[in-house]
Amino acid sequence: MRNKLLNLTRLNKLILLIVVNVIITNNLFGQDRIESLKTELTEMSKDIPELNAEVNLSFDGVSIQDFVRAIALNVGLNINVDPNINIVIVSNFNKVKVIDVLIFLCKEYNLTINSIGSILTVSEYEERIISKPEVKKQQKDKIKFNNQNNLISIDATEDTLLFIAREITDKTGKNLAIAPGLGNMLVSAYIKDMSFDDAMKTFAFGNNLNVSKPSDNFYLIEKIDQSKKSESSRFKKGTSNEENNIIELDDDHKNEIRSKINIRSKDYISLTYKSAPIDFILREITSQLGINYVYLNPIAGEKDINVMGVTFDELLNYLFDGTEFTYIKQDHIYIFGLNTNKELTTSKVIQLKYRTIDKIIDYIPAGISEGLELKEFPELNSVIVTGSSIKIATIENFLKDIDKIVPVILIEVLIIDVTKTHDVSTGIDAGLGESVSKTTGSIYPSVDVQLSSETINNLINSFNGFGWFNLGQVSSDFYMKIKALEEDGFIDIRSTPKLSTINGHEAILTSGETKYYKEERNNYIGTQNPSLSSSFTWQSVNADLTVKIKPFVSGNDQITLDITVQQSEFTPREFENSPPGSVTRNFESSIRVKNGEMVLLGGLEKNQKSQTTKGFPLLSRIPILKWLFSSVNDIDDESKLNVFIQPTILY
């Protein structure tokens, strides 16, 4: 019994030791896998700089597909996530590199990342232990080969290199030799209708291998010797093309650039590469898209390119911008060459939608219009541009940027002119006239009467006989004026003109009155017996109200107004047939108001007070008696001109 218990205890310890060993082994293996994955991604970041970009992300319960898609759109990374992965992400990343986020996902959710060129694929990690080389049975055609045109297609997904090599040899009859130790290596590739030599180089490059051709029908696949690969050996000058400065590439570099080109269609091309030869890029993309082209001159030069989702024409504009080369498109054929070639000169009619063509050429900077011929076409509200298509595209983009809707400003002007008058005239005037006067005037509602000598004598006679004092008689040319008059006046003139103008243009309103005066001329004719000749003409003078407003609309609907107001009005004539007098009031200002807001520009005020007294000395100062022995004229005038403005933006 004791022996049985002892054996049972030893068995339990053995099982526990095995379990602990398995756990430790799995942890160490997982750590080695993550470190290996981190090393691979760090190496990839040299060719895919987007992996080192920093992101700020905060998500609460989104799928891993949406999470990775947000990263890809944010930094411009080509990455795919297996749709079968069902993981919900709850995270908050602030200024974290993309490579660290991907490693975190792989470690936390047991994922792995594979790459095909510049495209990354995230999938679930499955531990695979290959004890023996296993030749998979062909479930579908992995290799397709056309003997007539020597084109091959490869569709491999984590197949052993030995299996793919056998399939290629069986289908093509071309011998492939694999370096020792590479037979069990898992490889992936998707190549469609490519020449055999180019397909082998692309297949090798996508799986970090090197392929060479020792003889015509023999290919050797081996590991890349990193120590022999030098960045300086990427480019090799061709002796036959040195005079044109054309860059020739070795096969490795051609395959490297091809792997960076992502073409979904003619309207979606992505490419990120430093110092990419323009000539090779053109030939590669036109070949993949099946575009017909003609070279009039060799295309030289390099460009740093980082574009995503652009059209083929947009890519050409980026490639040729700042160079001496250009292109035109004729009947689905692209023609490339120097921009000095007359054959590459083209014309385009650029029509504006929102603003007039008048003086638009004056606004185009000289730097982008140099070498182009520009003409206005008013009938179509367009500009005709002739020259290089690259420069024409630059002009077109500039005109699109300034072709915006020009707002119309409705300006309501409220002009209020208020005049108040108060005039008091009292007293008695008496004197001698040139002739016998008549009794005239009014006695109601105000007293303003002129008495003749006859009336006064009658009045005196009516008083005579009532006492010992006899008033006597006045002469026939004697007169007397009695005045007791008080006048109040109030004039309120309101004018509400409305002006409309487009942004940046002046609106002018003029309203006035014209009066005429007589101008006489006297001329003496003859010398012996001079005679006087008289003539006259009628001259005119104006009194106007002029309002000038120039609006400027800013982006936040603030309106700046340059305003000038001029008002002139007539005053009474000094004497008959003389020119009328005039007074002028001006206002000039620059203000800023909100859309629809009314503002008071200012009030132009005029006050006039005067008092005139005539009478007997001393007696004219005594109360009550001064009404009999003096004449008083008291004037109090007040005039105000107020101008209100309310601008409204109309689109």
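Quick check on GLY30: is it modelled with pLDDT under 80, at positive phi and either in a strand (DSSP E or B) or surrounded by 10 or more Cβ atoms within 10 Å (Cβ to Cβ) (or both)? First the steps, then the outcome.
Values: modelled with pLDDT under 80: yes; at positive phi: no; either in a strand (DSSP E or B) or surrounded by 10 or more Cβ atoms within 10 Å (Cβ to Cβ) (or both): yes.
It is false that GLY30 is modelled with pLDDT under 80, at positive phi and either in a strand (DSSP E or B) or surrounded by 10 or more Cβ atoms within 10 Å (Cβ to Cβ) (or both).
Taking only the stretch 598-607 into account, find how many residues are in a strand (DSSP E or B), modelled with pLDDT of 70 or more and either open to solvent by 80 Å² or more (accessible area, probe 1.4 Å) or farther than 15 Å from VAL547 by Cβ (or both).
Selection size over the stretch 598-607: 1.
For the stretch 554-583: of the residues being in contact (Cβ under 8 Å) with a residue 60 or more places away in the chain and among the β-branched types (Val, Ile, Thr), which is surrounded by the fewest Cβ atoms within 10 Å (Cβ to Cβ)?
Among those residues, the one meeting the criterion is ILE563.
For the stretch 270-291, enumerate the residues that are in contact with a helix residue (DSSP H, G or I) (Cβ under 8 Å, 6 or more places away or on another chain) and either under 17 Å from ILE335 (Cα atoms) or exposed (fewer than 15 other Cβ atoms within 10 Å of the Cβ) (or both).
ILE278, PHE280, ILE281, LEU282, GLU284, ILE285, LEU289, ILE291, listed by residue number.
Give the stretch 331-352 a look and list any residue that's more than 26 Å from ASN381 (Cα to Cα), open to solvent by 80 Å² or more (accessible area, probe 1.4 Å) and out of contact with any Gly (no Cβ under 8 Å at 6 or more places or on another chain), or say none.
If the condition is that a residue be more than 26 Å from ASN381 (Cα to Cα), open to solvent by 80 Å² or more (accessible area, probe 1.4 Å) and out of contact with any Gly (no Cβ under 8 Å at 6 or more places or on another chain), then ASP331, HIS332, THR340, LYS342 are the ones that fit.
Out of ASP251, ASP267, report the one residue that is touching a Lys or Arg at 6+ places or on another chain (Cβ under 9 Å) and open to solvent by 40 Å² or more (accessible area, probe 1.4 Å).
ASP251
Within the stretch 213-220, does at least one residue satisfy the condition of being modelled with pLDDT of 80 or more, hydroxyl-bearing (Ser, Thr, Tyr) and part of a helix (DSSP H, G or I)?
Among the residues of the stretch 213-220, not one is modelled with pLDDT of 80 or more, hydroxyl-bearing (Ser, Thr, Tyr) and part of a helix (DSSP H, G or I), which makes the answer no.
Could you tell me which numbered condition ASN52 fails, if it satisfies all but one of (1) touching a residue at least 60 places away in the same chain (Cβ under 8 Å); (2) closer than 23 Å to GLY206 by Cβ?
Among (1) touching a residue at least 60 places away in the same chain (Cβ under 8 Å); (2) closer than 23 Å to GLY206 by Cβ, the lone unmet condition for ASN52 is (1).
Working only within the stretch 144-167, note down all residues that are within 57 Å of the chain's Cα centre (by Cα) and either among the charged types (D, E, K, R) or open to solvent by less than 10 Å² (accessible area, probe 1.4 Å) (or both).
Correct list: LYS144, ILE152, ILE154, ASP155, ALA156, GLU158, ASP159, LEU161, ILE164.
Only helices (runs of 4 or more DSSP H) wholly contained in the stretch 243-359 count here; list those with 3 or more residues that are modelled with pLDDT under 85 and farther than 19 Å from ASN78 by Cα.
The qualifying helices (runs of 4 or more DSSP H) are 251-260.
The values are calculated or read from the model by the stated rules, or taken from the named source; none is laboratory data. Everything quoted here is computed from the prediction, not taken from an experiment. Positions of Cβ are generated from backbone atoms using ideal geometry, with glycine treated the same way; all protein chains shown enter the neighbour counts. For accessibility, only protein heavy atoms count, side chains too; no ligands or nucleic acids. Shrake-Rupley method; radii C 1.70, N 1.55, O 1.52, S 1.80 Å.
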